[in-house]
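In what follows, a single structure is set out as structure tokens and then discussed.
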Amino acid sequence: MDTQYLENLSLAIEIIILGMGTVFSSLAFFAFLIWSMTSIDERYNKYKIKKYSILLEKKEVSEEHNDEIIAVISAAIFTALHKEVVIHKIHFLDNSKVTAWASSGRDSLMSSHYVKRN
């Protein structure tokens, strides 16, 4: 009876080691997969930022139009919110590359803001 007990115990230990080894190797694989995808995404984002910054350096922006645009935007915000605002940064969008989905998303985002009416 002791030999049967030892054989069962030995088999149970082998199954535990095999099962835990399988789980560990699967988790290690997924950790490596997530790490590699993160690394690839970071490299791709750095490439896109570099490409975009080169594009911005080539593009010339006239300062006189920016002052007028900032004044108009400030006036519109003041009229809508009834309080003074300071504009720190304006990001101009290239309308030729805007998709219908992006436009729809921007519209729903802008319409979701609460504006107090008098």
Lys59 versus (1) at pLDDT 95 or above; (2) surrounded by fewer than 10 Cβ atoms within 10 Å (Cβ to Cβ): which is the lone unmet condition? (1)
Scanning the stretch 94-118 residue by residue, the ones that are modelled with pLDDT under 75 and either under 15 Å from Ile77 (Cα atoms) or exposed (fewer than 10 other Cβ atoms within 10 Å of the Cβ) (or both) total 10
Which residue pairs have Cβ atoms under 9 Å apart, sit 6 or more places apart or on different chains, and have a first residue in the stretch 105-118 that is closer than 21 Å to Lys83 by Cβ and assigned by TED's automatic domain parsing to the domain that holds Lys83 and a second that is at pLDDT 75 or above and not charged (D, E, K, R)? Val115/Ala80; Val115/Leu81; Lys116/Ala80; Lys116/Leu81; Lys116/His82; Asn118/His82
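Each row is one residue, and each column tells you yes or no for (1) of a type in the set (Ser, Thr, Tyr); (2) closer than 24 Å to Arg106 by Cβ; (3) modelled with pLDDT of 90 or more; (4) in the same structural domain as Arg106 (by TED's automatic domain parsing).
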position: Asp2; (1), (2), (3), (4): no, no, no, no
position: Ser10; (1), (2), (3), (4): yes, no, yes, no
position: Ile17; (1), (2), (3), (4): no, no, yes, no
position: Ser25; (1), (2), (3), (4): yes, no, yes, no
position: Ile40; (1), (2), (3), (4): no, no, yes, no
position: Lys48; (1), (2), (3), (4): no, yes, no, no
position: Ser53; (1), (2), (3), (4): yes, yes, no, no
position: Ala80; (1), (2), (3), (4): no, yes, no, yes
position: Lys89; (1), (2), (3), (4): no, yes, no, yes
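The values are calculated or read from the model by the stated rules, or taken from the named source; none is laboratory data. Everything numeric here is computed off the predicted structure, so don't read it as measured data. All Cβ positions, even for glycine, are placed from backbone atoms using ideal geometry, and neighbour counts span all protein chains on display.
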